[in-house]
Amino acid sequence: MKRSHIRFIHHKKWSTPIIVVTILALILLFTLIFSNPSSSNRPKSSTPQSKSNLFNAKAEILPELPRLAYLISGTKNDVVRIKRLLQAVYHPRNYYLLNLDLEASDSERLELAKYVKSEVVIREFGNVKVVGKSDLVTYKGPTMLASTLHAIAILLKLPKNWDWFINLSASDYPLLTQDDILHIFSYLPRDLNFLEHSSNIGYKEFSRARPIIIDPGLYHLKKSGVFWAKEKRSMPASFKVFMGSEWVMLSRSFLEFCIWGWDNLPRTLLMYYTNFLFSLEGYFHTIVCNHKDYQNTTVNHDLHYIKWDNPPKQYPINLTLEHFEDMLQSGVPFARTFATDDPVLDKIDKDILRRSHGRFSPGAWCMGSSALGKDPCITNGSPDIVKPSAGSRSLEKLVLKLLDTENFRSRQCK
């Protein structure tokens, strides 16, 4: 926004009262300018703006784009899927940490690392890392949580600050371009935490919270199931248990608190969730809702499209072409689970991401020509420029609904 410059012409004949009036007028002008609430171009707290001006950039300077930190996790035979997912969600502004658990072979880890080094764009921006020393992960046990905390600690050491952490698995896939996601989230307070959560855990109290389990992955090198203790434990009295989806979008400030823990709550709950079934579905949720500094930052949604059987089974159903239109209308940035190279992924690439096979999803940072089948991202421009598509409107609609005054506070930590 250009500021108008007011030029004053002085002449020796003008009397002192005129000068006094001019000074008073200037004081009044500056008072009006600096007391105008619309002069702020970004929300400063976790209380969202109204629907009418949250995404209105016509009369304001565009807010700074966020920087996202992705964790993409997989296991044996997941290298091909991780490569494809990385290409689909890649943007030079973000960070990406790729992690194959200990069940994957060293040759698979090496293949993934060689791929990262072979990509010219990734080498130029240096924003993709591969975990070299992987952890043994038991899906039902706390080793899944330990692996996630390990990844977050690595990401916190990276030189440029990022704003949100997003965890994806090899069976996830984006439903929006990174330009769309970065554009919409640039208007949001950076302390918001997107995670589905509830203290009304129902049957899970007796199937997860009260049972005591031991994860052999904490001390063994070979994967096996969890052990169940005969004893049961009572529900905690010093904090309230919350549970929800393991798929999250968490703020850097909250995760710094979880990792560095200047309050003892993160460590206390880490000890508690060591013997908790599916601990990743409750650890962050219980911390955020039991601390006064963070309980008002929650948005009760995991930003994923997931389809379950009726009644629900342990794992969601694999998404196919029959779910495409429903996914498109949902407005969420991600979906899961997909089978390897399912035809619906090709349709997402073509219709949404405009991505060619084996290439990155093009964005405003791609400055090359796509004529004659050329890769437009080989020639790149500024990573600080985005060009949102019409698809960003669906995410805008979802965010406005989630942050609506009648919906936002009423669903926080209940």
Looking only at region 336-351, decide whether some residue is open to solvent by 20 Å² or more (accessible area, probe 1.4 Å), in contact (Cβ under 8 Å) with a residue 60 or more places away in the chain and within 29 Å of Pro266 (Cα to Cα).
yes
Is it true that some residue in region 331-349 is in contact with a Phe, Trp or Tyr (Cβ under 8 Å, 6 or more places away or on another chain) and over 30 Å from His197 (Cβ atoms)?
yes
Selection count where residues are part of a loop (DSSP other than H, G, I, E, B) and of a type in the set (S, T, N, Q), scope region 98-118:
1
Counted residues in region 119-165 being open to solvent by 70 Å² or more (accessible area, probe 1.4 Å) and in a helix (DSSP H, G or I) come to 3
Is there a residue being under 21 Å from the mean Cα position of the chain (by Cα) and open to solvent by 20 Å² or more (accessible area, probe 1.4 Å) anywhere in region 366-379?
no
Just to be sure I understand, how many residues within region 380-404 are open to solvent by 30 Å² or more (accessible area, probe 1.4 Å), out of contact with any His (no Cβ under 8 Å at 6 or more places or on another chain), touching a residue at least 12 places away in the same chain (Cβ under 8 Å) and not hydrophobic (A, V, I, L, M, F, W, C)?
9
Test of understanding: among Ser369, Ser356, Ser361, Ser389, which residue is part of a loop (DSSP other than H, G, I, E, B), more than 24 Å from Val344 (Cα to Cα) and small (Gly, Ala, Ser)?
Ser369
Go through region 253-265 residue by residue and tally those that are surrounded by 20 or more Cβ atoms within 10 Å (Cβ to Cβ) and either in contact with a helix residue (DSSP H, G or I) (Cβ under 6 Å, 6 or more places away or on another chain) or among the basic types (Lys, Arg) (or both).
2
Does region 320-329 contain at least one residue that is without any contact (Cβ under 8 Å) to a residue 40 or more places away in the chain, assigned to a loop (DSSP other than H, G, I, E, B), surrounded by fewer than 21 Cβ atoms within 10 Å (Cβ to Cβ) and on the phi < 0 side of the Ramachandran plot?
yes
One residue is enough: does region 285-293 have a residue meeting the conditions among the charged types (D, E, K, R), open to solvent by 20 Å² or more (accessible area, probe 1.4 Å) and under 28 Å from Val344 (Cβ atoms)?
no
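The values are calculated or read from the model by the stated rules, or taken from the named source; none is laboratory data. For clarity, every value in this text was computed on a predicted model and none was experimentally measured. Note: ideal-geometry Cβ built from the backbone for every residue, glycine included; neighbour counts use all protein chains shown. The area values use the complete protein model at the heavy-atom level, side chains included, leaving out ligands, DNA and RNA. Shrake-Rupley method; radii C 1.70, N 1.55, O 1.52, S 1.80 Å.
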